[in-house]
Amino acid sequence: MKQSIKEFALGLGVDDVGFAAVADYNSPRSPKIETISPDIKSMIVLAYKELSSCASPDKDTAMSGRQAVYEFARAANYRVARYLESKYHAKAFTVPGSNPFAMLKETGGAVGQVSLRHAAKAAGLGVFGRHNLIIHPRFGTRVNFSAVLSDLDLPSDPPLSDQLCTECNLCVEECPARALDEEGKTIVNDCFKNSQPYGLGANIAFWKKVLAASPEEQKRMMGSVDYWRLYQSILVGNQYYCFNCMSVCPIGTEI
Ligand code: B12
């Protein structure tokens, strides 16, 4: 069953596939999987190589590469979920590459329903690096994930034991926000401000300024490039303007 699911997903163009039993998934800061469904027993984690455009100095081009990954991941999630439903009469639940996920005050809107990094690790697709991201043996850090959860009783693939991260510290040094200075922790808000300069935080700050401004200033602000970029960021869906910790990482044979 695992082999046929894997061949089906690879046949779609997914770059790598791993399986994790929910019992082997351990993400202390994520919600319990049961909150999605008590029937879920396994996770099928799909891996997508990040395009080399992630290293482009043109951030819109870099983000268009990410959009391509996420749009393909959404379709791949649906196809794999339908395959499980139609071939194995399974229940299937998709986990997107990014949004939508719970917008809660207590999580600062920065905790997904499922941590795809922790799922990828449990599925033998990679190991954590100094940047708190997953390093895949072939794609290095230039890898993104999505997942399909199911009630199929599928055992985990063997975990990767290799220490892929060489602690070269490039990710830490090249982080414009110094968000990785503390080992094992990403300073989420510092990364947010830099990686999503037109994200939720910037949106709220913009509207607060508009509300406090004179009618003349409000008109000027509504016509400003800042507002255009806020608008586009919503269109794109969380526009990232920084890929450094991903693009500078030298690990991987197919980066
Ligand atoms: C929310 C989110 C973010 C947030 C928070 C990131 C984080 N590390 O938690 C922000 C906006 C900062 C972010 C940034 C980035 N992201 Co992001 N993100 C997510 C998302 C949607 C949820 C992650 C989550 O649930 N984290 C919360 C818990 C589970 O994480 P944690 O490891 O336990 O805790 C971390 C932090 O919260 C913090 N932390 C630890 N303890 C504490 C305690 C407190 C109180 C606080 C506040 C924080 C904190 O440090 C830990 C290590 O990073 C995932 C997709 C998914 N569903 O998994 C993508 C995901 C993790 N992101 C990804 C990427 C690529 C990025 C960026 C490179 C930006 C970009 N250009 O894409 C940067 C990298 C930042 C980094 N090096 O950590 C990829 C990673 C792929 C890989 N190779 O591992 C994912 C898996 C998306 C995907 N579909 O592939 N992201």
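The values are calculated or read from the model by the stated rules, or taken from the named source; none is laboratory data. Small disclaimer: the values here were computed from a predicted structure and weren't measured. Glycine gets a Cβ as well: all are built from the backbone with ideal geometry, and neighbour counts include every protein chain shown. Please note that ligands, DNA and RNA were not included when accessible areas were found on the heavy atoms of the full protein model with its side chains. Shrake-Rupley method; radii C 1.70, N 1.55, O 1.52, S 1.80 Å.
A few notes on this one:
- Placing R0 at 22 angstrom, the Cβ-Cβ distance between Lys59 and Ile187 gives a FRET efficiency of 0.60 after rounding to 0.05.
- Share of carbon and sulfur in the accessible heavy-atom surface of the chain [1.4 Å probe, %]: 56
- Distance between the pseudo-spin-label points of Ala110 and Tyr231 (7 Å out from Cα toward the beta carbon): 3.0 nm.
- Simple label model, 7 Å out from Cα along Cβ direction - Asn169 to His89, nm: 5.9
- The listed residues Lys32, Lys2, Lys91 rank as Lys32, Lys91, Lys2 when sorted by accessible area, largest first, using a 1.4 Å probe.
- For the chain, fraction of C-alpha pairs farther apart than 35 Å, in %: 18
- Gyration tensor (alpha-carbon) shape descriptor, region 22-91, a/c threshold 1.5: oblate
- Ratio of Rg to Rh over region 148-255 (Cα coordinates, Kirkwood Rh, two decimals): 1.15
- Compactness of region 197-236 as Cα Rg over 2.2 N^0.38 Å, two decimals: 1.11
- Think of a 1.4 Å ball rolled over the protein heavy atoms: the chain then has 52 Å² of accessible area per residue.
- Whole-Å distance, taken between Cα centres, linking region 185-255 and region 140-160: 30
- For the chain, Cys54, Cys165, Cys168, Cys175, Cys191, Cys242, Cys249 have no disulfide-compatible partner, since no other Cys C-beta lies under 4.7 Å from theirs.
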